[in-house]
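Have a look at the structure below, then the notes.
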Amino acid sequence: MWERLNLFKVGIPDLNDQTKSKAVLTTRSEQVCNEMEVHKRTRVECLNPDEAFSLFRNKVGENVLNSHLNIKRLAKIVVKECKGLPLAFIIIGLSMASRKTPREWDYDHLDNDTVKSCFLYCSLFPEDHEIWNGNLIELWIGEGFLDKFADIYEAHNQGEEIIRSLKLACLLEGDVLKGRCKMHDVIRDMGLWLSCDYGEEKHKSFIREFGISESSIHEYKKGTYRAEELDKIEVMILYTGQDIKEYEEGHVKLSTGCRFLDLTWLIYAPSLECMLVFRSKEMEEIIGGDECGELEIEQQNLCIFSRLVALWLFKLPNLRSIYRWALPFPFLTKIVVSSWTKLRKLPLNSSSATNTLEIIQGNSRWWEGLEWEDDNLKHTFIRYFVCKD
């Protein structure tokens, strides 16, 4: 268990001395034990090296371990890295049960840096989070992983092929017919661990903690505090979820219990290139239009979204505004909006995204409901609209 569960709601009657009923739960969190009012706690220690290798061998199979001289050596390295955690041995052991060559046991056997980058990128999503293939591929495109393709359809085809190859390597899970995929939490942990080494090779820190608290966000909004780290943000993924904050040099994923009404603090992120905001019922504006925000922008001569290349807005039912005034968007190529939104106006005018815009994607009902300054402006941007009903 990862959080408190109402036992009555899932059909478990009241636990008390009269009913003689008991419930057993497993968790990695002491906090969950506290919240569930656990009476007796039993700590399960990690396996010792011999027990660990025995369990791993059982899951992989003797025939695989004996199929090549180097595989047993590689298996011992894997066991050591799993640090005695039984779940890790089970998941990784089963995923390697059909791998009978040393090359298949090495992360480096992934075809090229593009596939490796795409795999590591998946670890940025929450544990057990299902990802639509199309959305994931668009994020990869926005990151520049698939930039060798001049045609966006070729890039999508390559993205689908990468997803298939990652599934064949047991690094992603998911039904092909449903068009979705997800990463097991153990594989995700491995991805985050690998990304540290991969980041060093690329001369950048790939993942480190970035503490964004609700109070500090309010300080950003008031203009009384400015974090130097915000200057470095290039990619932001924000969704409503549990209290998890992770920061990557140039990338920030913010999943938080904070209920944001807007993201006005992004006026201090001049390097932002890609932004994905999804699953927030409270979000009403991206950049707030209150007098305080307007004054701050004017006084500091802030250029909002001056480097933004791609913007994805999904499942934001109360979103009304990206920004109240039109913005130049000198590098913008893509805007993707889901149907669940009250957004009726885009911050665009005849000078916005000239020579860069490629696509505005949404459903036909949303597009027809958009308000424009005049028909000429609508005519200017209608050629970029791609309907996705």
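Structural remarks
- Extension gain, K342 back to I12 (0.36 nm per residue minus Cα-Cα distance, nm): 114.8 nm
- Å² of accessible area per residue within the stretch 1-134, as computed with a 1.4 Å probe and no ligands counted: 67
- Net charge, M1 excluded, C-beta distance under 11 Å - Lys, Arg +1, Asp, Glu -1: 0
- Ligands, DNA and RNA left out, the 1.4 Å accessible surface of the stretch 34-190 is 51% carbon and sulfur atoms.
- Calculated SAXS-style log₁₀ I(q)/I(0) at q = 0.14, 0.26 Å⁻¹ - the stretch 53-138, Debye, Cα scatterers: -0.59, -1.22
- For the stretch 154-162, 3J(HN,Hα) per residue [Karplus equation, 6.51 cos²θ - 1.76 cosθ + 1.60, θ = phi - 60°, Hz, x = Gly/Pro]: 5, 5, 5, 4, 5, x, 4, 5, 5
- Between T354 and D128, full extension at 0.36 nm per residue minus the direct alpha carbon distance yields a gain of 77.4 nm.
- Spacing of the two label points (7 Å from each Cα toward its C-beta) at M36 and D189, in nm: 1.7
The values are calculated or read from the model by the stated rules, or taken from the named source; none is laboratory data. This is a predicted model, so every value here is computed, not measured. Counting neighbours? That spans all protein chains shown, and the Cβs are built from the backbone with ideal geometry, glycine included. With ligands, DNA and RNA removed, areas are computed over all heavy atoms of the protein, side chains included. Shrake-Rupley method; radii C 1.70, N 1.55, O 1.52, S 1.80 Å.
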